[in-house]
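**Q** Structure below; questions to follow.
The values are calculated or read from the model by the stated rules, or taken from the named source; none is laboratory data. The model shown is predicted, which means the values in this text are computed figures rather than measured ones. Please note: Cβ atoms are built from the backbone with ideal geometry, for glycine as well, and neighbour counts cover all protein chains shown. Heavy atoms of the whole protein, side chains included, go into the accessibility calculation; ligands, DNA and RNA do not. Shrake-Rupley method; radii C 1.70, N 1.55, O 1.52, S 1.80 Å.
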Amino acid sequence: MEETQTITEAGILADVIAPDRGDLSPEVAHSLLRWKFTNRAAARMNQLAERNRKGTISESDREELQRYLRVGNFVNVVQAKARLSLSKPTTTD
């Protein structure tokens, strides 16, 4: 019997981005590490997370929270690759 695994968007992106391969230039890596949510977005995520913790979140708010989480996962994967790229010694020709 074949076992099926559920693949997430983050898993698919990890296959594409290959965060374990630090092959970004320092300039690109530094630029990616500056990516962050705005204060407005962070406040909204906190509001949604609090509603979720209290069990008072609506279905549309839950879907919005899931979208924020997926984007956050994407940024995490990209920034993992950036950090790895910066940790590798640079070579000069």
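**Q** When both residues are 6+ apart or on different chains and their Cβ atoms are under 8 Å apart, which pairs have a first residue that lies in the stretch 55-76 and is touching a residue at least 12 places away in the same chain (Cβ under 8 Å), and a second that is open to solvent by 80 Å² or more (accessible area, probe 1.4 Å) and not polar (S, T, N, Q)?
**A** ARG70/GLU9; ASN73/GLU9; PHE74/GLU9; VAL75/TRP35; VAL75/LYS36
**Q** Within the stretch 1-76, which helices (runs of 4 or more DSSP H) (wholly inside it) include 1 or more residues that are more than 30 Å from PRO89 (Cβ to Cβ), open to solvent by 70 Å² or more (accessible area, probe 1.4 Å) and modelled with pLDDT under 95? Give the derivation first.
**A** Details: elements: 9-17, 26-33, 39-54.
Counting at least 1 such residues, we get 9-17.
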